[in-house]
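K.L.:
Sending over a structure as structure tokens; questions will come in a sec.
The values are calculated or read from the model by the stated rules, or taken from the named source; none is laboratory data. Treat the numbers as computed from the prediction; the structure is a model and nothing was measured. A quick note on method: Cβ atoms are made from the backbone with ideal geometry, for glycine too, and the neighbour counts reach across all protein chains shown. Just so you know, the surface numbers come from the protein's heavy atoms only, side chains and all, with ligands and any DNA or RNA stripped out. Shrake-Rupley method; radii C 1.70, N 1.55, O 1.52, S 1.80 Å.
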Amino acid sequence: MKTLKHIIALVILFSGFQLTAQNAAPEPVSGKALTKDYITKNLVYPETDLEQGNSGKVVIGLHIDTEGIGSQYVVKSAFSEAAAPIALDLVKTILWIPAMRNGIPYECEHEYEIDFNAKSYKRYWKRHERIVPPLTLEADSSEAIFEYRQLEDVAKPYFADGSNIANYIYTNLKFPAEAKEREIQGTVRLSFIIEKDGSISNIIVVNSVGGGCDNEAIRLMQETVWIPAESHGKYVRSRNMQDITFSIGNRNFQDGNSY
């Protein structure tokens, strides 16, 4: 819980919130755009609705406390009975910056909409490949998040294809043109959750570098697929940190040149 409080405090700081901030509604810790990307990538359209081209919204109501923890989830409205539990499961994975009143967090009721658009969904998956990790265990029924230090070595998450994350970064990192031009370098530190299905959610930039490096680090993590952490024979959610270093003078991972 202390780790969660610390990360939320960092998010509020880096988001430009101060104790003197005006009133603000709750917001996903990753921000609206990254959360939308996560939902787009992980939403599974009900088969019948997709075949019939049915589109619409599912509205989920929830209570968010002063620490950004959601609870009391309920489906407020849904265009499709089959879509409701899918939207509900996705919203349950979102972590929140709590609502603010005169710079002080307060509890509130909130609603979050999940859009189901059959045409957009088909168009997206024509351009992308859905990678489903080979999961063999049952998922934990709670939304509890395990801190990395709480997990035994044999139960920590790992890459679904068995490769090493350092090799993945080395092979796929593209040094941003802006950072290269302005000679920006440094280490981006990301916090993120590995979900029970192996997907990545709630990405937070804990240490920013700028010059496009933050966005490149996020891109790299968004494209990873994991075998999730395990506790008592079930897959669980876990919080992880990853440093991604952009260093001038080292080989650029995109074209092999040195900068």
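K.L.:
Would you kindly state how much longer the chain becomes between residue 41 and residue 187 on full extension, computed as 0.36 nm times their sequence separation minus their alpha carbon distance, in nm to one decimal?
P.N.:
Stretched out fully, the residue 41 to residue 187 stretch lengthens by 49.9 nm.
K.L.:
Can you tell me which of 43-51, 189-197 comes out highest on packing, and rank the rest after it, using the mean Cβ neighbours within 10 Å?
P.N.:
Per-residue mean Cβ counts within 10 Å order the peptides as 189-197, 43-51.
K.L.:
In the chain, what percent of the accessible surface is made up of carbon and sulfur (1.4 Å probe, ligands and nucleic acids excluded)?
P.N.:
Percent of accessible area from carbon and sulfur atoms in the chain: 49.
K.L.:
Among the aspartates and glutamates, which have Cα under 13 Å from the Cα of residue 119 when same-chain residues fewer than 8 positions away are ignored?
P.N.:
The qualifying aspartates and glutamates are 49, 51.
K.L.:
Further question on the same structure: To the nearest Å, what is the center-to-center distance of the range 185-221 and the range 129-163, using C-alpha atoms only?
P.N.:
Comparing the Cα centres of the range 185-221 and the range 129-163, I get a distance of 18 Å.
K.L.:
Express in nm, to one decimal, how much length is gained between residue 111 and residue 22 on full extension, taking 0.36 nm for each residue of separation and deducting their alpha carbon distance.
P.N.:
30.0 nm
K.L.:
Let me ask another. Defining a contact as two alpha carbons under 8 Å apart and six or more residues distant in sequence, what relative contact order in percent does the chain show?
P.N.:
That works out to 20 percent.
K.L.:
Of the listed values (i) 58, 52, 36; (ii) 55, 42, 36; (iii) 55, 48, 40, identify the label whose number matches Cα extents along the principal axes in Å calculated from this model.
P.N.:
(iii)
K.L.:
Further question: How much accessible area per residue does the chain have, counting only protein heavy atoms and a probe of 1.4 Å, in square angstrom?
P.N.:
55 Å²
K.L.:
Something else now. Would you mind checking 57/174; 41/174; 57/126; 32/92 for any pair whose Cα atoms are more than 26 angstrom apart?
P.N.:
As for pairs spanning more than 26 Å Cα to Cα, those are 57/174.
K.L.:
Got a sec to turn the phi values of the range 27-38 into Karplus ³J(HN,Hα) couplings, 6.51 cos²θ - 1.76 cosθ + 1.60 with θ = phi - 60°, whole Hz, x for Gly and Pro?
P.N.:
9, x, 4, 7, x, 5, 5, 5, 5, 4, 4, 4
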